[in-house]
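The block underneath contains the structure these notes are about, expressed in structure tokens.
The values are calculated or read from the model by the stated rules, or taken from the named source; none is laboratory data. These numbers were taken from a predicted model, which means no experiment stands behind them. Reconstructed Cβ throughout: ideal geometry from the backbone, glycine too, with neighbour counts over all protein chains shown.
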């Protein structure tokens, strides 16, 4: 009987402000994972500047890919395919990674596999937990996305709910700016909230219609801004730590409640967190407590796999590869790509 061949994927990710490359073996074993972050640069502007992000990707991408291959102690010739994020994201940033991946695939004669960025975040759970497998309910929370996704099988996704306005991470950034914490908002609010009183300010919990799994954080963000402005007008004390803790409790309560509800409705016993906000300590703690109460298993990737990285893209590309997916050199960046769309 012929021994099963190992599959090696060189993966590239450049959808926002991280230039990343990785080598992944058989979808779940990360041989290298290189991330060049631009966070210090964009902090100067209070958020990601798309034009600057694109230029930095152009400067960084060759070096990042060379380092990923060197760290894995492998050559381009040993790769079975090139995986790359082609959406959603910032179109200029996506185009840099995609152009690089196409050039490498063409020059080396390797198959090209386009990967959905959100699918990559979900697949980070397969790297973290080698035995984790569908079906399960995934909560994807990041700066641009808040999705509840039913994962029935590898590559098969049903979006149960999504944000109707601000994504959770976007709300974190805007609230952090309003209370003088700056960018990036997520980690700063998480740290400040640990020193604050979560019951100090009663902010709204927006659950929408009774049968809805959608999210809405715009009203909550406005409530925080209104509270801050009112306190300033009255000359009253503003305690940033209390505001951070109260705001975070409101966000986390809605995220956890809707995820548990969706999991019960689909009869699944497993839940996965994904995306940058999955690093949030309060979300991880509350979701774990809720899962234990309801007899669910919770999968949470390590923080390095929650941030934008190429290892997760390599994992997603592997499952596309073994399913027979191949993309042509005419593959284009799609900044508003829907999950499950090709």
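Determine which member of the set 25, 56 is closer than 24 Å to residue 132 by Cβ, without any contact (Cβ under 8 Å) to a residue 40 or more places away in the chain and either crowded, with 16+ Cβ neighbours inside 10 Å or in the same structural domain as residue 179 (by TED's automatic domain parsing) (or both). Show your work before the answer.
Values: 56 fails: closer than 24 Å to residue 132 by Cβ.
Of the residues listed, the single one that is closer than 24 Å to residue 132 by Cβ, without any contact (Cβ under 8 Å) to a residue 40 or more places away in the chain and either crowded, with 16+ Cβ neighbours inside 10 Å or in the same structural domain as residue 179 (by TED's automatic domain parsing) (or both) is 25.
Considering the conditions (1) assigned to a loop (DSSP other than H, G, I, E, B); (2) at pLDDT 95 or above; (3) within 30 Å of residue 162 (Cβ to Cβ), residue 227 is excluded by exactly one of them, (1). Against the numbered list (1) assigned to a helix (DSSP H, G or I); (2) in contact with a strand residue (DSSP E or B) (Cβ under 6 Å, 6 or more places away or on another chain); (3) without any contact (Cβ under 8 Å) to a residue 40 or more places away in the chain, residue 64 comes up short only at (3).
Taking the listed residues 195, 232, the one that is exposed (fewer than 14 other Cβ atoms within 10 Å of the Cβ), over 22 Å from residue 48 (Cβ atoms) and modelled with pLDDT of 95 or more is 195, with no other qualifying.
Do we have residue 166 as assigned to a loop (DSSP other than H, G, I, E, B) and either over 16 Å from the mean Cα position of the chain (by Cα) or farther than 19 Å from residue 288 by Cα (or both) here? Break it down into steps so the answer makes sense when it comes.
Numbers: assigned to a loop (DSSP other than H, G, I, E, B): yes; either over 16 Å from the mean Cα position of the chain (by Cα) or farther than 19 Å from residue 288 by Cα (or both): yes.
Spelling it out, residue 166 is indeed assigned to a loop (DSSP other than H, G, I, E, B) and either over 16 Å from the mean Cα position of the chain (by Cα) or farther than 19 Å from residue 288 by Cα (or both).
Does residue 183 satisfy being surrounded by fewer than 21 Cβ atoms within 10 Å (Cβ to Cβ), in contact with a helix residue (DSSP H, G or I) (Cβ under 9 Å, 6 or more places away or on another chain), in contact (Cβ under 8 Å) with a residue 12 or more places away in the chain and assigned to a loop (DSSP other than H, G, I, E, B)? I'd like the intermediate steps shown before the answer.
Details: surrounded by fewer than 21 Cβ atoms within 10 Å (Cβ to Cβ): yes; in contact with a helix residue (DSSP H, G or I) (Cβ under 9 Å, 6 or more places away or on another chain): yes; in contact (Cβ under 8 Å) with a residue 12 or more places away in the chain: yes; assigned to a loop (DSSP other than H, G, I, E, B): yes.
For residue 183, the condition - surrounded by fewer than 21 Cβ atoms within 10 Å (Cβ to Cβ), in contact with a helix residue (DSSP H, G or I) (Cβ under 9 Å, 6 or more places away or on another chain), in contact (Cβ under 8 Å) with a residue 12 or more places away in the chain and assigned to a loop (DSSP other than H, G, I, E, B) - is met.
Exactly one residue among 265, 290, 245 is surrounded by fewer than 16 Cβ atoms within 10 Å (Cβ to Cβ) and either in the same structural domain as residue 198 (by TED's automatic domain parsing) or in contact with a helix residue (DSSP H, G or I) (Cβ under 9 Å, 6 or more places away or on another chain) (or both), and that residue is 265.
Only residues that are in a helix (DSSP H, G or I), touching a strand residue (DSSP E or B) at 6+ places or on another chain (Cβ under 8 Å) and more than 17 Å from residue 97 (Cβ to Cβ) were counted across segment 303-342, and they come to 4. Taking into account only those residues within segment 189-215 that are touching a residue at least 40 places away in the same chain (Cβ under 8 Å) and outside any loop (DSSP other than H, G, I, E, B), which is nearest to residue 164 (Cα to Cα)? Per the stated criteria, the residue is 215. Against the condition at pLDDT below 95 and not assigned by TED's automatic domain parsing to the domain that holds residue 17, how does residue 151 come out, does it pass? For residue 151, the condition - at pLDDT below 95 and not assigned by TED's automatic domain parsing to the domain that holds residue 17 - is not met. Here residue 264 meets the list (1) assigned to a helix (DSSP H, G or I); (2) at pLDDT 95 or above; (3) more than 22 Å from the chain's Cα centre (by Cα); (4) more than 29 Å from residue 116 (Cβ to Cβ) almost entirely, failing just condition (4). Selection of segment 272-302 for residues being under 20 Å from residue 251 (Cβ atoms) and assigned to a strand (DSSP E or B) yields 272, 273, 274, 298.
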